[in-house]
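Report on one structure; see the data block that follows.
What follows draws every value from the coordinates through simple rules; no lab data is involved. If you're wondering where the values come from, they're calculated on a predicted model, not measured in any experiment. Here the Cβ positions follow ideal geometry from the backbone for every residue, glycine too, while neighbour counts run over all protein chains shown.
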Amino acid sequence: MKMKLLYLCFAILLASSVQGGNDDDDDHHDEASPWFSNDRKYAYGYALSFDGVDDYVQISQPITNFGTPLSLELTFKPRGNGGPILDFGNVASGRATNNIRLSLNKKNGNTFSATLTVSTFNGPSQSIESNNCFSGDRWNYMAVTIESNGQVTFWVDGNKNSVTCGGNRLNNGLQPAFTSRAINYLGRDANNNYYQGFLDDLRVWTRVLSTGDIQKGRDRSISATDKDLGAWWDFNAESV
């Protein structure tokens, strides 16, 4: 089935397509309705719920003109084995082209690491993985920053303790290219792998967030006109 969501992206309301399984399956999600969850910690409203089988969002319009430097912020609660939370790029399947992919990986117990994968135009890719610093037992706030020199840093719950949870440097030439990305997914990647869990309040910045911004974390107020805010989805508006 398909549903329509309205998201705020570059200060424009866009319609995005949510695709997934059968509406009539009462066990589709054990914590939420099939699409929007009120299982929230960080703010009032909704979050997206993905079943890890076939649920995903495809953003209907390109995300224009972002690359390096770059910061991503999101809150999430993974389930199962996690999987790809987002994949922004220019191919629907097969070889990635200028893709930026963020995935969660199940580790010991109910802990998860995060992996950032960057690909160049029709060329090589590189992945950088964090420590096992995220939990499947609660909501997590993550910030990922990519500096102009390729340095990648993962932050966990920066609004509470400003802890970095690993990172490394991208090789020369593998920093995300400054370009538009037209085929963008939430809850899956271009190779048809799917995310299981919840996702809320995703922000894309065209600068490296300061330590102070990250320490304030998800609780700081932003607006669609904020400088260097490339894209923002808070998932609080539902439209079918």
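For GLN151, the residues whose amide H sits under 5 Å from its own are LEU170, ignoring neighbours fewer than 5 places away on the same chain, with H placed 1.01 Å from N. The slack between ASN236 and ARG220, meaning 0.36 nm per residue of separation minus the straight C-alpha distance, is 4.1 nm.
Extending 7 Å from Cα along the Cβ direction at GLN58 and again at ASN110 yields two label points whose distance is 3.4 nm.
Once the Cβ-Cβ distance of ASP137 and ARG169 is raised to the sixth power relative to R0 = 35 Å, the FRET efficiency obtained is 0.65. Think of each Lys and Arg Cβ as +1 and each Asp and Glu Cβ as -1; about the Cα centre, that makes the dipole of segment 57-209 roughly 140 debye. Using R0 = 30 Å, the C-beta based FRET efficiency linking SER127 and SER210 works out to 0.70.
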